[in-house]
Amino acid sequence: FERFHVLAYRQTDGAAAVNRFFLDEEAVRNGTVWTTERLYYWPGANHAFRFYAWAPADLTADVLTTPANPTQTALTYRVPDDATAQPDLVVATTDEIAGNYNAAVPLTFRHVCTAVRFAVGSRMQPGTIRSVAIKGVCHKGAYDMAAGSWTLDESTTTFSQTLEKAMDGSETGGTGITTDTGTFMMLPQTLPAGAEVEVVFVNSQGESRTLTASIAGAEWKMGTTVTYLLTITPDYELDFVSEPVAQDAHYVVWPITIKADDNLPAGGWTLTSTDPDHVTFVESGKFVHTDVQAIVDYGYWLDDAKGASTLTGTTTGQVKVYVFIRENATDADRDITLTLKPAAEGN
């Protein structure tokens, strides 16, 4: 930046509190230093100073409210709606400096917002990213320059930008989606309940999809950059063909059918249950023992026949899976939920 605003708070003759502004001006770059329009002289050892500076220096009053008297050290800030108008707000402070310092004051500026950008994740299908949005985040607060911390208003809002970003599907992970000027400059915060990102994507067939993901509870730390990686895969079908059926209380081998199409993300599909201690799976054709009916007739099975509590497969189309259910030795019903999802999403 070429200029910043600076306040100097002065204490005189050992006063217990700051009692006046010494300067309240803009400093403009002049070669390798920044100077104010008016020339100031160090007044002597019976004075003490603290300097507070910030940039940009030209923010309007509806965005930034600055201290009006020496009892105040906070900047009150509202994040502008337009991402391209959101400044990289920086602040510098000093410890107490004696009035006979008689030298240029060094100021070290720090970033007090959080930069939020979007980039390509592990996969991107051809199409257009029409817009991105950050919803339900805090956008007003006060930054105490003396304490170096934010106090936020609890009100939330949505920030969005239209991109019309064309993607051909060959983009590598980390490729930017938002531009440098389109980076969201947000308030540092632990994101409140309901916070989410929203992406509107139009595929190569002209079909629009609105994709959302919760970011509630995540922490945006001051002075850091947060990058959200977008992985957008083609639409795919992954579902149970079989309907839920109540099973006998004894050892059961229950055949079910799932359907997975060829557009499934790399890694295939994963089948799990809410009761991994009593429910396991084996894909048809991959038994250690080939005579499934014999196992059913016995009413029990050996451990090497029952498969695993998590089944991952890459077979597409209609796939038969055998569900091994251990005996329920209690009088209470046992409710079990099966979950089928892309393997890339984990458990």
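Here are the numbers for the structure shown:
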| read-out | value |
| --- | --- |
| Inter-probe distance in nm under a simple model that places probes 7 Å from Cα toward Cβ, at K221 and T157 | 2.8 |
| Residues of type aspartates and glutamates that K306 reaches as a straight line, Cα spacing below 15 Å, ignoring anything fewer than 8 places off in the same chain | D275, D277, E283, D291, D297, E327 |
| Semi-axis lengths, Å, the chain, gyration tensor of Cα atoms, sqrt of 5 times eigenvalues | 63, 24, 16 |
| Rough spin-label spacing in nm, given labels placed 7 Å along Cα→Cβ, for T231 and A213 | 0.9 |
| Accessible area per residue, Å², the chain with all protein chains present, probe 1.4 Å | 53 |
| Check: region 1-121 dipole with +1 on Lys, Arg Cβ and -1 on Asp, Glu Cβ, in debye | 240 |
| At R0 = 56 Å, FRET efficiency that the Cβ-Cβ distance of A344 and V63 yields, to 0.05 | 0.85 |
| Dipole magnitude of the chain, debye to nearest 20 (Cβ charges: Lys/Arg +1, Asp/Glu -1, about Cα centre) | 1280 |
| Residue among K135, K165, K286 with the largest mean-square fluctuation in a Gaussian network model of the chain, springs linking Cα atoms under 10 Å | K286 |
| By average C-beta atoms within 10 angstrom, highest first, the peptides 229-235, 77-83 | 77-83, 229-235 |
| Filter on K221/K341; K320/K341; K165/K259 - keep pairs with C-alpha separation over 22 Å | K221/K341; K165/K259 |
| Value of [θ]222 nm, deg cm²/dmol, for the chain, DSSP H segments ≥ 4, -39500 (n - 2.57) each, nearest 500 | -500 deg cm²/dmol |
| Among A104, A133, A146, residue whose mean-square fluctuation peaks in a GNM of the chain (springs only between Cα atoms under 10 Å) | A104 |
| Distance histogram for region 23-159 (every C-alpha pair counted, 5 angstrom bins, percent rounded to whole numbers) | 2, 7, 15, 18, 16, 12, 9, 7, 6, 4, 2, 1, 1, 0 |
| Solvent-accessible area of H47 with every protein chain in place, 1.4 Å probe, in Å² to the nearest 10 | 30 |
| Potential extension, N46-R110 segment - 0.36 nm per residue separation minus Cα distance | 20.0 nm |
| Accessible-area composition of region 206-268, carbon plus sulfur, in percent [1.4 Å probe] | 48 |
| Residue-span extension gain [D88 to D331] - 0.36 nm each, minus C-alpha spacing | 81.1 nm |
| Protein accessible area in region 19-168, 1.4 Å probe - carbon and sulfur % | 47 |
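The values are calculated or read from the model by the stated rules, or taken from the named source; none is laboratory data. The model shown is predicted, which means the values in this text are computed figures rather than measured ones. Neighbour counts are summed over all protein chains in view; Cβ atoms, including those assigned to glycine, are modelled from backbone coordinates with ideal geometry. The accessibility values were calculated without ligands, DNA or RNA, using every heavy atom of the protein model including side chains. Shrake-Rupley method; radii C 1.70, N 1.55, O 1.52, S 1.80 Å.
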